[in-house]
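The structure under discussion appears below in the form of C-alpha cells.
Each value in this text was obtained by applying a stated rule to the coordinates, not by laboratory testing. Owing to the predicted nature of the structure, the values given are computational and were not obtained by experimental measurement. Cβ placement follows ideal geometry from the backbone for every residue including glycine, while neighbour counts extend to all protein chains displayed.
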Amino acid sequence: MLFEVTAEPLDPQRLVDAVRRDEAGAVALFYGVVRNNNMGRNVLYLEYDAYPEMATRMMRQIAEEMMAAYPIADVAIQHRTGRLEIGETSLLVAVSSPHRKEAFEACHALVDRFKEVVPIWKKEVWVGGEEWIEGEAVK
Amino acid sequence: MAKVKVRLFARLGDLAGTREIEVELGEGLTAVDVYRLLCERYPAMAGLNGSLMYALNAEYVDAETPLHDGDELALIPPVSGGCGVDDR
C-alpha cells in the first residue's frame with residue numbers, strides 16, 4: 001500500500017511497482033488528468049488544496065474498504081497539490097488483482113469513493129475568472 | 001476554556017484570509033459552534049452549514065461533537081479532488 005499527497009509530479013511506475021505481486025496477473029492504473037474545459041469554460045489551469053494528513057488517512061481507509069469488497073491484492077494512490085497545467089496528472093490509482101476484471105472494477109469504485117471523501121479541493125482558473133469547485137455534499 | 005486549532009481549506013481559507021486559526025471555547029462547545037463563531041468573524045462564511053463536514057484530529061465527526069483543549073478541528077467543504085466533477 002502506498003498513499004501520498006505531494007506537490008511533485010506523480011510517478012506512475014512507482015505505484016505500479018508498489019502494487020505488483022507475483023500472484024497478481026493484472027494491474028489497473030487510473031490517471032486523472034487536467035483537461036482544458038469544464039462547463040463550457042476554457043480552463044487555463046487548476047490549483048489543488050489538500051488536508052494532507054487526513055487525505056492520506058482517508059486514502060488508506062477507502063483502500064481497505066476496496067480490499068474488503070473485491071478480491072484484489074494491493075492498492076496505491078497518489079494525489080498532487082498546487083498549480084497543475086492542462087494535461088498534467090492530478091490523481092493516480094493503481095490496483096492489482098489475480099485477474100483483470102476485479103482490478104478494473106475496484107479501481108473504478110475506488111476513484112468514485114475518493115471523490116466523495118478524500119479532503120482535497122480544486123480551484124478552476126479560466127479566462128476571466130476563478131472558482132473553488134465543490135463536489136456533492138455526502139455523508 | 002479549550003484552545004482549539006481550526007484549519008480552513010479551499011474557499012474557507014480564502015474567505016478567512018488564513019488557513020489556520022486558534023479559537024478559545026467554553027468546555028463542551030461543539031464543532032458547529034466553531035463554525036458559528038467563524039461566521040461572526042467572517043460573515044461571508046454564513047450559509048455553508050448544510051454542506052460543511054467536520055474533521056476532528058483528522059477524522060470525520062458529527063457536527064455536534066464536543067471539542068477539548070488541544071483539538072484540531074477542520075472545516076471541510078464538499079471535496080473535489082481527482083479529475084473533472086462531471087466525468088463519472
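For the subset of region A:80-89 comprising residues that are part of a loop (DSSP other than H, G, I, E, B) and more than 10 Å from every other protein chain (Cβ to nearest Cβ), which member is nearest to A:Glu8 (Cα to Cα)? Give the derivation first.
Just the residues of region A:80-89 that are part of a loop (DSSP other than H, G, I, E, B), to begin with: A:81, A:86-88.
Still in the running and more than 10 Å from every other protein chain (Cβ to nearest Cβ): A:86-88.
Working: A:Ile86: 16, A:Gly87: 15, A:Glu88: 11 Å.
Across region A:80-89, the extreme among qualifying residues is A:Glu88.
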Count of residues meeting criterion [free of Cβ contacts under 8 Å to residues at least 12 places away in the same chain and surrounded by fewer than 18 Cβ atoms within 10 Å (Cβ to Cβ)] in region B:1-24: 3
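Going by the structure shown, is A:Glu136 acidic (Asp, Glu) and assigned to a loop (DSSP other than H, G, I, E, B)? So that I can check it myself, show each step before the final result.
Values: acidic (Asp, Glu): yes; assigned to a loop (DSSP other than H, G, I, E, B): yes.
It is true that A:Glu136 is acidic (Asp, Glu) and assigned to a loop (DSSP other than H, G, I, E, B).
Go over the candidates B:Arg41, B:Arg11 one by one and state the one that is of a type in the set (Lys, Arg) and over 24 Å from A:Glu124 (Cβ atoms). Spell out the reasoning first.
Values: B:Arg11 fails: over 24 Å from A:Glu124 (Cβ atoms).
Result: B:Arg41 is the single residue among B:Arg41, B:Arg11 that is of a type in the set (Lys, Arg) and over 24 Å from A:Glu124 (Cβ atoms).
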Some residue of region B:39-53 being in contact with a Gly (Cβ under 8 Å, 6 or more places away or on another chain) and within 30 Å of A:Arg83 (Cβ to Cβ): no
Residue count for region A:90-104, restricted to those that are surrounded by fewer than 24 Cβ atoms within 10 Å (Cβ to Cβ), more than 7 Å from chain B (Cβ to nearest Cβ) and under 25 Å from B:Pro78 (Cα atoms): 1
Failed criterion for A:Ala76 (all others in (1) over 20 Å from B:Ala58 (Cβ atoms); (2) within 8 Å of another protein chain (Cβ to nearest Cβ); (3) within 12 Å of the chain's Cα centre (by Cα) hold): (2)
Single residue of region B:29-53 satisfying the filter (out of contact with any Asp or Glu (no Cβ under 9 Å at 6 or more places or on another chain), part of a loop (DSSP other than H, G, I, E, B) and at the interface with another protein chain (Cβ under 10 Å from one of its Cβ atoms)) that is farthest from B:Phe9 (Cα to Cα): B:Gly50
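Looking at region B:54-77 only, could you name the residues that are without any contact (Cβ under 8 Å) to a residue 60 or more places away in the chain and either part of a strand (DSSP E or B) or surrounded by 21 or more Cβ atoms within 10 Å (Cβ to Cβ) (or both)?
Taking region B:54-77 first, the residues without any contact (Cβ under 8 Å) to a residue 60 or more places away in the chain are B:54-66.
Passing the criteria: B:Tyr54, B:Ala55, B:Leu56, B:Glu59, B:Tyr60, B:Val61, B:Pro66.
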Qualifying residue in region B:71-88 (condition: under 22 Å from A:Glu136 (Cβ atoms) and hydroxyl-bearing (Ser, Thr, Tyr)): yes
Complete set of residues in region B:52-87 that are over 11 Å from the mean Cα position of the chain (by Cα) and farther than 23 Å from A:Arg60 by Cβ: B:Glu64, B:Pro66, B:Leu67, B:His68, B:Asp69, B:Gly70, B:Gly84, B:Val85, B:Asp86, B:Asp87
Within region A:105-139, considering residues that are out of contact with any helix residue (DSSP H, G or I) (no Cβ under 9 Å at 6 or more places or on another chain) and basic (Lys, Arg), the one surrounded by the fewest Cβ atoms within 10 Å (Cβ to Cβ): A:Lys139
Residues that are facing chain B (nearest Cβ under 9 Å), over 14 Å from A:Gly82 (Cα atoms) and charged (D, E, K, R), drawn from region A:115-135: A:Lys115, A:Glu116, A:Glu131, A:Glu134
Given (1) away from every other protein chain (no Cβ under 14 Å); (2) within 25 Å of B:Ile76 (Cβ to Cβ); (3) hydrophobic (A, V, I, L, M, F, W, C); (4) loosely packed, with under 15 Cβ neighbours inside 10 Å, number of the condition A:Met39 does not satisfy: (1)
